[in-house]
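Some notes on the structure that comes next.
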Amino acid sequence: MQRFENYLQEHLPTVETFHPHYNSSLALMLLAGGKRFRPMLLLSVVEAYEPLLFEGALAPALALEFLHTYSLIHDDLPAMDDAPLRRGFETLHVAYDESTAILAGDALNTEAFYHIAKAPLRDDIKIKLVEVLARDGGTYGMVLGQSIDLHFENEPLSLEQVKVLHKNKTAKLIAASLLMGAIIVGLDKNKQDELYGFGIDLGLLFQIQDDIIDETQSDEEAGKPTGNDGDKNSFINLIGLERSIEEAEELADELQSKFGSFDKKLQKALRPIMDKYLYRHR
């Protein structure tokens, strides 16, 4: 992942402008760190099957991080979660102002697709990558999930509805990361579908784990405000901490079983990620 970090540093969006903080506002949340989980998934699939395509895959990997970061910037806005802290740093609307945060998010959203368009990959591959990222990061995925989350903030949903919410808001972009890697290396449709389904379950596990972290960790430990999900449709609010931990354990066991069905190359590539994140609530 150091290669990815170097690539990110070298490809931060910059513009020749007299605006005093335009470029810094685009870079701030990207440079604040984060797990780089989505790029890691994409690059791990590429490394497993076609390591010679790794350099070309860095561009769509960074596009994923651009789109994910845009979503965090907008998620933290006063109109949404009104969060003052992200990744241990002031959120953009606090560091600068609300209009800067909105525009920086807009810029990173479009920069994601611009970066894929410039990637050193075949045009048909780039079109498919744009399709997947736009679908799962937009109307049919992340935006839908966020819209459901906000609309039903003070109205309890069923467990199945909460899962639908988080499949869209969180899981689909994680699944898209694996799928985009599979598209780059030319895996067949069955393998693509298998990886995508695995990613959906992995994303759901991540959300349950985040809910557990929100309930059990301080702001300093989590690197963001915690204990603020009282009005939200979180797993904790719906089924309680103990049952949420049980749900996470069950989902982690299912994922481990699916992981065991992958071929040896893919298992080897994804093993460090699985070991680090699969049981991170423990």
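Readers should treat all values here as calculations from the given coordinates under stated rules, not as data from a laboratory. None of these values were measured; they are calculated from a predicted model. A quick note on method: Cβ atoms are made from the backbone with ideal geometry, for glycine too, and the neighbour counts reach across all protein chains shown.
Some points to look at:
- Three semi-axes of the equivalent ellipsoid, the chain, Cα gyration tensor, whole Å, largest first: 27, 26, 16
- Here the dipole of segment 2-277 is about 1280 debye; that uses its Cα centre as origin and unit charges on the Cβ of Lys and Arg (positive) and Asp and Glu (negative).
- Segment 2-277, relative contact order in percent, only Cα pairs under 8 angstrom and at least six apart counted: 20 percent
- Segment 83-130: trypsin sites (Lys or Arg not before Pro) in DSSP coil with no more than 12 other Cβ atoms inside 10 Å: Lys118, Arg122
- One decimal place: the segment Arg135-Leu150 gains 3.4 nm when fully extended, by the rule 0.36 nm per residue minus the C-alpha distance.
- Take the Cα of Glu50, go 7 Å toward its beta carbon, and the backbone nitrogen atoms of segment 167-200 under 16 Å from that spot belong to 178-193.
- In segment 151-217, GluC sites (Glu not before Pro) in a DSSP loop with at most 16 other beta-carbon atoms within 10 Å: Glu153
- Built amide H within the under 5 Å cut-off of Glu90, gap 5+: none
- Whole-Hz couplings from phi, Karplus 6.51/-1.76/1.60, listed for segment 271-276; x for Gly and Pro: 4, x, 5, 4, 5, 7
- Once the chain from Asp97 to Leu157 is taken as fully extended at 0.36 nm per residue, the excess over their C-alpha distance is 18.2 nm.
- Cα gyration tensor category, rounded, prolate or oblate, for segment 67-183 with a/c compared to 1.5: oblate
- Residue (of Val143, Gly181, Tyr196) at the positive-pole extreme of the chain, dipole from beta-carbon charges: Gly181
- Rounded to 0.05, the FRET efficiency of the Asn23 and Asp124 pair, given R0 = 22 Å and the Cβ-Cβ distance, is 0.10.
- Highest-fluctuation residue, Gln207, Gln161, Gln192 considered, GNM on the chain with Cα pairs under 10 Å: Gln161
- Cross-link table Lys128/Lys232; Lys126/Lys232; Lys232/Lys264; Lys118/Lys276; Lys35/Lys268, entries beyond 30 Å C-alpha to C-alpha: Lys128/Lys232; Lys126/Lys232; Lys232/Lys264; Lys118/Lys276
- Along segment 14-24 the Karplus relation, 6.51 cos²θ - 1.76 cosθ + 1.60 evaluated at θ = phi - 60°, assigns HN-Hα couplings of 9, 9, 6, 7, 8, 4, x, 9, 4, 5, 5 Hz to successive residues, with x for each Gly and Pro.
- Segment 1-103: chymotrypsin sites (Phe, Trp or Tyr not before Pro) falling in loop per DSSP and having at most 11 other Cβ within 10 Å: Phe18
- Full-stretch length increase - Arg243, Gln2 - with 0.36 nm per residue and alpha-carbon distance subtracted: 83.0 nm
- Placing unit charges on each Cβ (+1 for Lys and Arg, -1 for Asp and Glu) gives the chain a dipole about its Cα centre, and among His115, Asn154, Asn233 the Cα reaching farthest toward its positive end belongs to His115.
- Estimated 222 nm signal from helices in the chain, with DSSP H stretches of n ≥ 4 weighted -39500 (n - 2.57), rounded to 500: -22500 deg cm²/dmol
- Using the alpha carbons alone, the radius of gyration of segment 61-107 stands to its Kirkwood radius in an Rg to Rh ratio of 0.96.
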